[in-house]
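S.K.: The structure follows.
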Amino acid sequence: MLSMLYKEIELRADYLEDKKIQSIYFGGGTPSILEAEDISRLIDKVSKHFEIDSNIEITLEANPDDLNREKVEKLRQTEINRFSIGIQSFFEEDLRWMNRAHNQKEAESCIMRVQDAGFENITCDLIYGFPLLTNEKWKKNMQKLVDFQIPHISSYSMTVEKKTALDHMIKTGKSAAIDSDQAADQMLMLIAHLTESDFEQYEISNFAKNGMYAKHNTNYWKGKHYLGIGPSAHSFNGHSRSWNIANNAKYIQDIAQNSLPLETEELSSLDRINEYTMTSLRTMWGINLTAVEEKFGAEVKKQLQNNAAEFIDNNQLKQVENKITLTDSGKLMADHIMSELFIVD
């Protein structure tokens, strides 16, 4: 598989107009199972075909149980300079309920291990809005990361996908259903607690201290172009989206034959407008009406303002000068608001 990743990098070297790479993100599964040497080889292959920014952010997504002392020490010798650790909870019963491979002790020890190795740019994931998570436990989870002096926290509401183990547990009565009111309350607790702890909510699910925003995700939300490598990886170049097939065997077969195993969707002008609305509104930078007029025209700007008016009146959106952003109450129904702002034929 690794040799096929190298080859896909070569095959897609001309995909991005701007060849200066600001971030590399190893994610989409459990990339921390890769050997440190393999990670370095992949980064080296990228550097042969693209220009690497001197301040590049290179993130490795990892589960706590993957980060033993030996692994962390080896990763310290690579170009990795940021960790994204899937903590989810510091409570044993929560981790068992979520069917996580790590336990409470590993959740705590892996953070200390990474910090002791000299890594400072760390983000941790927490999940809220599931039946076992009382508000008291939720406060303790958040405070634990604050006490660890983690500079970036990503937090998501529990969702139930069809035909998953959790979906089956709920349908068979082995677990309580997800409570949307609980999730809303805990999201507001999240915003309040982290804001009081000097974090900035720069995106609906992401909080950073001292401006340590994730470069990779921020570029995505700001509509920058990106290239995804490997099975199921997605790419965007401003006028089209593409995604690689998920089937590993077919992916390997196609790449070996110098064929790109992907599907492509050309974006219409409406697609690009609505994509901008969706990604921008998730962030603290919001929808820039001046940029909308420059990119899409005065009529689109007028339509967006008209669509936003009701939500501004209801204090779910706010407009300051040329910028429209979500209020805290608006963040609770962000998906609905975004869909209502979309421009349609």
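The values are calculated or read from the model by the stated rules, or taken from the named source; none is laboratory data. Please read all numbers here as calculations on a predicted model, not as lab measurements. With ideal geometry, Cβ positions are generated from the backbone for all residues, glycine too; neighbour counts draw on all protein chains shown.
S.K.: If the requirement is being without any contact (Cβ under 8 Å) to a residue 60 or more places away in the chain and under 25 Å from THR218 (Cα atoms), which of these qualifies: ILE39, ILE33, ILE9?
M.R.: Of ILE39, ILE33, ILE9, the one residue that is without any contact (Cβ under 8 Å) to a residue 60 or more places away in the chain and under 25 Å from THR218 (Cα atoms) is ILE39.
S.K.: Suppose we keep only residues that are part of a loop (DSSP other than H, G, I, E, B) and either within 23 Å of the chain's Cα centre (by Cα) or surrounded by fewer than 12 Cβ atoms within 10 Å (Cβ to Cβ) (or both) within the range 304-345. Which one would you say is modelled with the lowest pLDDT?
M.R.: Of everything passing the filter in the range 304-345, ASP345 is modelled with the lowest pLDDT.
S.K.: On to the next question. Would you be able to say whether some residue in the range 272-283 is assigned to a loop (DSSP other than H, G, I, E, B) and either in the same structural domain as GLU203 (by TED's automatic domain parsing) or at negative phi (or both)?
M.R.: The answer is yes, given that some residue of the range 272-283 is assigned to a loop (DSSP other than H, G, I, E, B) and either in the same structural domain as GLU203 (by TED's automatic domain parsing) or at negative phi (or both).
S.K.: While we're on this one: Does LYS250 satisfy being in a loop (DSSP other than H, G, I, E, B) and charged (D, E, K, R)?
M.R.: No; evaluated as a whole, the condition is false for this residue.
S.K.: Continuing with this model, one more query. Is it fair to say SER242 is in contact with a His (Cβ under 8 Å, 6 or more places away or on another chain) and among the polar types (S, T, N, Q)?
M.R.: yes
S.K.: Somewhere in the range 269-276, is a residue at pLDDT 95 or above and among the small types (Gly, Ala, Ser)?
M.R.: The answer is no, given that none of the residues of the range 269-276 is at pLDDT 95 or above and among the small types (Gly, Ala, Ser).
S.K.: So, restricting to strands (runs of 3 or more DSSP E) that lie completely within the range 1-116, which ones have at least 3 residues that are surrounded by fewer than 16 Cβ atoms within 10 Å (Cβ to Cβ)?
M.R.: 51-62
S.K.: Name the single residue that is modelled with the lowest pLDDT among those in the range 157-171 being under 23 Å from the mean Cα position of the chain (by Cα) and under 23 Å from ASN135 (Cβ atoms).
M.R.: Top of the filtered list is LEU166.
S.K.: Oh, and also: From the list GLU73, GLU79, GLU8, GLU93, which residue is among the charged types (D, E, K, R), within 28 Å of LYS250 (Cβ to Cβ) and modelled with pLDDT of 95 or more?
M.R.: GLU8
S.K.: Name the single residue, out of those in the range 239-268 being under 30 Å from LEU317 (Cβ atoms) and surrounded by 13 or more Cβ atoms within 10 Å (Cβ to Cβ), that is nearest to the chain's Cα centre (by Cα).
M.R.: Looking at residues that are under 30 Å from LEU317 (Cβ atoms) and surrounded by 13 or more Cβ atoms within 10 Å (Cβ to Cβ), I get ARG241.
S.K.: Okay, moving on. Does any residue of the range 148-161 turn out to be hydroxyl-bearing (Ser, Thr, Tyr), touching a residue at least 12 places away in the same chain (Cβ under 8 Å), assigned to a loop (DSSP other than H, G, I, E, B) and surrounded by fewer than 15 Cβ atoms within 10 Å (Cβ to Cβ)?
M.R.: yes
S.K.: Could you run through the range 181-204 and say how many residues are touching a residue at least 24 places away in the same chain (Cβ under 8 Å) and hydroxyl-bearing (Ser, Thr, Tyr)?
M.R.: So the count comes out to 2.
S.K.: Residue check: is LEU260 in contact with a Leu (Cβ under 9 Å, 6 or more places away or on another chain) and either aromatic (Phe, Trp, Tyr) or within 30 Å of LYS45 (Cβ to Cβ) (or both)?
M.R.: Yes; evaluated as a whole, the condition is true for this residue.
S.K.: A further question follows. Could you identify the single residue in LEU194, LEU227 that is of a type in the set (A, V, I, L, M, F, W, C), over 14 Å from the mean Cα position of the chain (by Cα) and closer than 27 Å to LEU326 by Cα?
M.R.: One residue alone meets the criteria, LEU194.
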